[in-house]
Amino acid sequence: MAALSDGSIGRALELGEAGGLALYRSVLEMLSQSPRLDVVRLHAFADQLARADAEDAYRGAEELLLQLLARLAALSARRQPGGEEIIGGEDEAVRRLAGRADASRWAALREEIERAFASTDKLNLDRKQAMLGVFFAIEELTR
């Protein structure tokens, strides 16, 4: 949890309570199939996060996706693997994804997705659609 929370003890506790490791594993497994996402699995994941009782999980997934996109931009700029693995096979999946677009495109996508998440909250939009939009935007970028 410390690696997922950039060393913040409070954030590690929050992510732990939200099932952060399982969320990260799900996100990474789905993205590792990009640009051919498993749409059925993605819808089930988004449905889970959009439930009224899943506020912490949704926020955790939101944060983990933004963090992963920042990491992809940084790795794409350096063209080398970075850091230790949190889950098995992570380094290979992240390196492969990072190589699918240049750093500026990953950074621009991260900013776009951050704005989309903020709009979803501010305007009380459908969280499932927001989450699907994120994954489909990543899929489009990796084509």
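The values are calculated or read from the model by the stated rules, or taken from the named source; none is laboratory data. The structure displayed is predicted, hence computed values, not measured ones. Neighbour counts are summed over all protein chains in view; Cβ atoms, including those assigned to glycine, are modelled from backbone coordinates with ideal geometry.
The residues on offer are Glu85, Glu111, and the sole one that is over 22 Å from Pro35 (Cβ atoms), out of contact with any His (no Cβ under 9 Å at 6 or more places or on another chain) and of a type in the set (Asp, Glu) is Glu85. Of all residues in segment 88-108, those being crowded, with 17+ Cβ neighbours inside 10 Å and farther than 19 Å from Tyr24 by Cα number 2. For Ala130, the conditions (1) in contact (Cβ under 8 Å) with a residue 60 or more places away in the chain; (2) assigned to a helix (DSSP H, G or I) are fulfilled apart from (1).
The set of residues in segment 68-87 being buried (at least 16 other Cβ atoms within 10 Å of the Cβ), under 21 Å from Gly10 (Cβ atoms) and modelled with pLDDT of 90 or more consists of Leu68 alone. Checking each residue in segment 1-58 for being in contact with a Lys or Arg (Cβ under 8 Å, 6 or more places away or on another chain) and of a type in the set (Val, Ile, Thr) picks out no residue at all.
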